[in-house]
Amino acid sequence: MLNFLVKRLFGLLPTLAIVAVLVFLFVHLLPGDPARLAAGPEADDATVALVRTDLGLDRPLPAQFANFFVKIAHGDFGTSTRSKRPVSTEIGERFMPTLLLTLVSMVWATAFGMAIGIASAVWRNRWPDRLGMTIAVSGISFPAFALGMLLMEIFSVKLGWLPVVPDGTWKSYVLPSLTLGAAVAAVMARFTRASFVEVLNEDYVRTARAKGVHEPLVVLKHCLRNAMIPVVTMMGLQFGFLLGGSIVVEAVFNWPGLGRLLVDAVTMRDYPVIQAIVLLFSLEFILINLTVDVLYAVINPTIRFK
């Protein structure tokens, strides 16, 4: 297991290098002049030229990339052209709100989605299955921004139960987490149902039932562990999507997270911030996949890494 982890960690480096190249090229293809935006709307051409030189944007593209690559290798993501603060400081202030929102959303979405999926599989083609899958399809079909505005209109504006903007209390997490996790809960429900239906038809499940084992014990002891491997894969992917896909939700609820920071950075052509956030999201996906591989061995000890 240790050798596997070491190999996977070293395997991160080429992947991150490729991502860094793609991010750098993508950001520099965005329309607009970051030097003029940083200098201000009333700056003359001489001032813009000085700002462009200060940012290193007057150098050839390969030289800019080499400088960018060397800096990120040392953990230096540069300075924000918008706020004039270190990018690491900007991200550090916004990372925890996004992470906490993602964790809250993932916990309730996984628990709720798996419960619906298991119930739908056990009572397949009956009313719990139809009701659960109807809820799942509705969760997938409803756009996040529309759901967020609807929940805000009902529970914040009309009923006044929850705050419209984040106020630092636990109530601030209710509406954003419901909005962010709705689609994940729906996906988890459908995926769990499909996995459980397949496991319920296995010979060892029929044998357990023939021996008189109670149905709840059959589901929890014999089915759950064997059905969890594909579900864990989906959980890892959905967690990564939540981290990177909270942009719309953060914009709707004015959440002070990475998604909102990325939107502001794209609007202002803040290259250093855009590059750092996209690289961070890419690293998160890679680490999540590594964690999922390790969880495979915990759930099913018969799996061996070579």
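Every number here is computed from the coordinates shown, using simple stated rules; none is lab data. If you're wondering where the values come from, they're calculated on a predicted model, not measured in any experiment. We place every Cβ from the backbone using ideal geometry, glycine too, and count neighbours over all the protein chains shown.
Could you work out the percent of alpha carbon pairs in region 153-306 separated by over 23 Å, rounded to a whole number? Numbers along the way, then the final one.
Details: 6693 of 11781 pairs.
Tail of P(r) above 23 Å: 57 percent of Cα pairs.
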Karplus-derived 3J(HN,Hα), 6.51/-1.76/1.60, for each residue of region 84-97, Hz, glycine and proline x: 6, 10, x, 4, 4, 5, 4, 5, x, 6, 9, 5, 5, x
Run the Debye formula on the Cα coordinates of region 191-251, all scatterers equal and no solvent, and tell me log10 I(q)/I(0) at q = 0.13, 0.17, 0.22 1/Å. -0.47, -0.63, -0.83
Value of relative contact order over the chain, rounded to a whole percent, pairs C-alpha under 8 Å and six or more apart: 26
Can you match semi-axes √(5λ) of the Cα gyration tensor in Å to one of these, [x] 30, 28, 19; [y] 27, 23, 18; [z] 44, 26, 13, based on a calculation from the structure here? [z]
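Over region 94-267, what is the relative contact order in whole percent, taking alpha-carbon pairs under 8 Å and six or more residues apart? Don't skip to the answer; put the middle values down first.
Numbers: 213 pairs, mean separation 60.4, N = 174.
Relative contact order comes out at 35 percent.
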Which is farthest toward the positive dipole end of the chain among A35, G148, N67, measuring Cα position about the Cα centre, with Cβ charges +1 (Lys, Arg) and -1 (Asp, Glu)? G148
Hey, which lysines would be in cross-link range of K171, C-alpha to C-alpha under 25 Å, not counting anything within fewer than 8 residues on its own chain? K158
Can you compute 3J(HN,Hα) from phi for each residue in region 212-227, using the Karplus curve 6.51 cos²θ - 1.76 cosθ + 1.60 with θ = phi - 60°, rounded to whole Hz and x for Gly and Pro? x, 5, 4, 4, x, 5, 4, 5, 6, 8, 9, 9, 4, 5, 6, 8
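Check each of the chymotrypsin sites (Phe, Trp or Tyr not before Pro) in region 134-175 and keep only those in coil by DSSP with at most 15 other C-beta atoms within 10 angstrom; list them in order. Present the calculation step by step, with values, prior to reporting the outcome.
Working: sites: F145, F155, W161, W170, Y173; in loops: W161.
Filter output for region 134-175: W161.
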Under 5 Å between amide hydrogens, which residues at least 5 positions from T79 or on another chain qualify, with H placed 1.01 Å from N in the peptide plane? V87
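Show that you can apply the helix-only estimate: for the chain, add -39,500 (n - 2.57) for every DSSP H stretch of four or more residues, divide by all residues, and state [θ] at 222 nm to the nearest 500. Don't skip to the end; give the middle numbers.
Details: 13 runs with 217 residues, N = 306.
Rounded to the nearest 500, the figure is -23500 deg cm²/dmol.
Mind ranking 23-30, 188-195 by how tightly packed they are, going by the mean number of other C-beta atoms within 10 angstrom, highest first? All intermediate terms of the calculation are to be shown ahead of the outcome.
Numbers: 23-30: 14.5, 188-195: 23.5.
Ranking the peptides 23-30, 188-195 by packing returns 188-195, 23-30.
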Tell me which lysines have Cα within less than 20 Å of K211's Cα, excluding those fewer than 8 residues away on the same chain? K221
Please work out the ratio of the alpha-carbon Rg of region 2-73 to 2.2 N^0.38 Å and round it to two decimals. 1.53
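Starting from the Kirkwood Rh over alpha-carbon pairs, what translational D in µm² s⁻¹ does region 85-143 have by Stokes-Einstein at 4 °C and 1.567 mPa s? Please list the in-between numbers first.
On the way: Rh = 13.8 Å.
Estimated diffusion coefficient is 94 µm²/s.
Hey, with R₀ at 41 Å, roughly what FRET efficiency would L12 and I154 work out to, going by the Cβ-Cβ distance, to 0.05?
Details: r = 44 Å, r/R0 = 1.07.
The formula returns an efficiency of 0.40 here.
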Can you work out the FRET efficiency for the pair Y204 and W123, with r the C-beta to C-beta distance and R0 = 25 Å, to the nearest 0.05? 0.75
Among A189, L100, L220, pick out the residue whose Cα is farthest towards the positive end of the charge dipole of region 94-267, where Lys and Arg carry +1 and Asp and Glu carry -1 on C-beta, about the Cα centre. L220
Burial-style ranking of 206-214, 258-266, average other-beta-carbon count within 10 Å with highest first, yields 258-266, 206-214
